[in-house]
1. Within the set of other residues whose C-beta is less than 15 Å from the C-beta of residue 319, count the net charge using Lys and Arg as +1 and Asp and Glu as -1.
2. May I ask you to compute the full-extension gain from residue 351 to residue 106, defined as 0.36 nm times their residue separation minus their alpha-carbon distance, rounded to one decimal in nm?
3. Just to be sure I understand the model, the point goes 7 Å from the Cα along the line to the Cβ. What's the resulting residue 209 to residue 57 distance in nm?
4. For Cα pairs less than 8 Å apart in space and 6+ apart in sequence, what is the mean separation divided by the residue count of the range 49-412, i.e. the relative contact order in percent?
5. Taking +1 at the Cβ of each Lys and Arg and -1 at the Cβ of each Asp and Glu, which of 486, 411, 380 sits farthest along the dipole of the chain towards its positive end, judged by Cα position relative to the Cα centre?
6. Taking 0.36 nm per intervening residue step and subtracting the Cα-Cα distance, what contour gain separates residue 41 from residue 200 on full extension?
7. What is the distance in Å between the Cα centres of the range 282-307 and the range 373-408?
8. Check cross-link reach from residue 63 to the aspartates and glutamates: straight Cα distance under 17 Å, and skip same-chain residues fewer than eight apart.
Amino acid sequence: MLLTSAVGVQAAVVINTPPGGPIPIGSDRECFFDTYLLDCTKTTAELKVHQPVLQETVLVHDKPWEGDGCNYHNLFFDDQFHGVDGTYEKGTYRMYYLGWQMPSKEPNAKPEKGIVACYMESPDGIHWVRPNLGLLEFEGSKDNNIVMDGTTIFQIGNFMVFRDDNPACAPEARYKGIARDKEGLRCFPSTDGIHFTAGDYITSKGDFDSLNVVFWDARAGLYRGYIRKAHGQSMPNPLDEGIRDVRYIESKDFKTWTDPVQLVFEDGEDIPLYTNNVEPYFRAPQILIGTPTRYINRYQWSNSFEELGGKEHRKLRMELETRFATVITDCAFMSSRDGKIFHRFNEAFIRPEPENGLNWLYGDCYPNRSFAVTPSKVPGAPDELSFYLPGYCWMVDPVQLIRYSIRMDGFASLHSGGTEAMAVTKPFTFTGSELHINFATSARGYVYVTLIDADGHRYPSCETFGNAIDRKVLFDDAEAVSKLAGKPVYLEFRMMDADVYSMQFR
């Protein structure tokens, strides 16, 4: 049985460097999420995706308007907003999500309710509060955190919000909600991220039944959008609606948008994707990253389903629709330099957790969009990136919002195992007088860095070992970095039992 709903293969694509000479990286942090900076013909180190660490449940969606279908969480940090009650001095993490109860054949199932869009906030990304907004009525009361419901939009199947930092943006549209409405994808502008009104349609050319993403890309000077659609016909099931994919649109003014084009992946494999979660990585905004959900349909009940945890729940979902039992989801990691061509790791970024009877189902591994900077539980350790997955979906009981964490820049790395490996860059220019790396080695492992100028002169570093998100590289020639600033150079990593996540000249 096929592992995916398609075996179609696109032509493999290589992300090329800009023509006309060395890559100008300036003082940008360069993360090793792709091969953009690497000379792959000389590199023996591998690019490796890393899995995040499960932490704890930060909130249970147990309010009457929430339920076991709460999903499509998306957040951003707003340094201009200090919470609904004004209590968060340093700014607020603002999260939006859907509240609803899934259809179910479970004997103790709760009745379905209309889907609502909800809001919550946090000062630190760990402690979350659902403020009573008093905007919309639910079962006779406005004592809730609902910002959109069936009276404000035709059909809430998704709701994403971003702060528009385009200098030309009007104050009354500083915050923009994005959701599917009757005629397509629509904008719902807001002055405060709480009170939304119906605005203009963005595009009607899509399916939109996922978390559609729109944002202002300051470096590119344009709005980017990523929407859900499908193409082709899935085999071996000719009745399936096609291979789920992600389409790209853009606009200079948020009024005129390009026609959607399907994303292209370097690996050429046509893997069905549901969500996308694309955004500029805040520590290296020249790189767009995404954590898409992979939609894997096995189509038929097999012996493995007999042994997979939660069989009884799965068979009840099958009574509603076969794919509700035969689809399993996980999460990948991808990145792009131009917003259209993506490097995607084929190994999962997030796998479903060990079987507990309430997971390994359609709805697992739907991470929220964006990240919070949170303190490590280890005293003295650097801050981490946190994000959140709705756990135990479609199991009658309320969804648990579960926090995961990963090191800064830690999605992927240049990796060497127990034998020495090399990584060599393409020629580039930089600005700065120091080189810093985010890296980790074993006690036995090491990293050596060598700068090589256009004439082949080599400037080696001292041995570097340890585990730090920001370590200055010490060169034998203390002035090497300063002398080479602005000139074409190569960089060579010689490493063993080590990971290099990112580098930055400054």
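Coordinate-derived values only; no laboratory data. Remember, it's a predicted structure, so these values are computed and weren't measured experimentally. Cβ sites come from the backbone with ideal geometry, for glycine too, and all protein chains shown count toward neighbours.
1. +3
2. 85.6 nm
3. 3.0
4. Normalised by residue count, the contact order of the range 49-412 is 18 percent.
5. 486
6. My answer for the length gained is 52.3 nm.
7. If we compute the Cα centre of each part, the gap is 18 Å.
8. Hits, sequence-local ones excluded: 112, 121, 137, 139, 143, 149, 397.
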